[in-house]
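For reference, the structure is listed below as structure tokens.
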Amino acid sequence: MVPSISKAAPERRPVPHEQEKLAEDTTVEELGSLFGISSDFRIIVWKADGSVRKSGCLETGDVAEIDNSHGSLVYCCGITILGTPSSSSAADGSGTENSSAISSGPPNTSSVPTPKPESTPAYSKWKPNTGSIFVIENPVPVEKVWAALGFNGLDGAVSATVTSKDGVRRMSGPVCSGDTITVLNADGYAICTIPVAVRGDITRSGQATKAGCSILYGYLTGKNSLSPDLLAAADMNRDGSVDTSDLLAMKQKINLESSAPSAP
């Protein structure tokens with residue numbers, strides 16, 4: 001379920017942390033899935049005039065606010081709709097026309113600290129890059145997923161957990177295509193969930209394999225289909241389509257990994 005607009009919205013729109021460029025006709029109702037957040041979070045969309053946009057299509061100059069279940073602001077972005085004239089003053093909330101509507105954020109209703117604007121939340125930094133799926137370029141063990149994805153150094157000492165496609169918490173072993181990474185803040189609350197695929201891994205083993213090449217060949221010849229996460233993993237050259245060039249790239253990746261010296 002996509003998070004809904006709260007009836008108890010704060011009186012003033014907050015200052016955006018950054019800008020988000022969205023496709024034309026993107027609606028308020030679609031924001032939850034676009035940002036990859038759960039229904040525990042509340043989304044408020046502010047118009048340029050400081051009023052709340054409760055539903056319908058977003059416009060350039062809108063500001064999207066995301067609050068956690070405690071009512072604390074965790075992320076805020078200005079909206080620019082692609083294909084429409086952009087207005088930096090309207091989108092980032094810095095224009096003189098709306099200066100009276102700018103605040104440092106909604107009132108903090110819990111002990112959870114509000115992130116500083118210069119500290120980018122993990123889910124805005126690691127947005128999915130293939131549809132709604134984030135692609136990990138190289139195999140990574142669960143124990144090192146935090147460092148491998150570059151979350152170190154964020155305010156709040158947040159952490160991450162990995163869950164398999166079957167809903168089982170991964171405590172060790174490789175991160176696999178179809179897994180979900182959940183990012184937690186210092187208090188253990190989920191900031192966001194990130195569905196992932198591993199480049200070349202279409203056997204859900206965490207790496208490219210010869211069996212995966214056979215599966216991909218079957219897909220290319222029309223003998224079998226691939227789920228969205230496996231299509232993301234199979235798109236080796238990131239051109240938005242899966243074809244014979246990806247099969248060749250997968251075979252090359254397997255050869256390189258098999259010939260690489262083992263770690264001491």
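The values are calculated or read from the model by the stated rules, or taken from the named source; none is laboratory data. The structure displayed is predicted, hence computed values, not measured ones. Neighbour counts run over all protein chains shown; Cβ positions are idealised from the backbone, glycine included.
Regarding MET250, is this residue closer than 16 Å to ALA208 by Cβ and assigned to a loop (DSSP other than H, G, I, E, B)? Answer is no for this residue.
Conditions (1) under 16 Å from ASN138 (Cα atoms); (2) surrounded by fewer than 18 Cβ atoms within 10 Å (Cβ to Cβ); (3) in contact with a helix residue (DSSP H, G or I) (Cβ under 8 Å, 6 or more places away or on another chain), marked per residue:
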{"position": "CYS213", "(1), (2), (3)": "no, no, yes"}
{"position": "SER225", "(1), (2), (3)": "no, yes, yes"}
{"position": "ASP229", "(1), (2), (3)": "yes, no, no"}
{"position": "ALA234", "(1), (2), (3)": "yes, no, yes"}
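Tallying residues that are acidic (Asp, Glu) and touching a strand residue (DSSP E or B) at 6+ places or on another chain (Cβ under 9 Å) within region 174-214 yields 2.
Among the residues of region 9-51, the ones that are at pLDDT 90 or above, touching a strand residue (DSSP E or B) at 6+ places or on another chain (Cβ under 6 Å) and surrounded by fewer than 16 Cβ atoms within 10 Å (Cβ to Cβ) come to 1 in all. Take THR244 and tell me if it is touching a helix residue (DSSP H, G or I) at 6+ places or on another chain (Cβ under 8 Å), surrounded by fewer than 15 Cβ atoms within 10 Å (Cβ to Cβ) and β-branched (Val, Ile, Thr). So THR244 fits the description; yes. Among the residues of region 54-94, write down those that are modelled with pLDDT of 70 or more, of a type in the set (S, T, N, Q) and either touching an Asp or Glu at 6+ places or on another chain (Cβ under 6 Å) or outside any loop (DSSP other than H, G, I, E, B) (or both). Within region 54-94, just THR80 meets the criteria.
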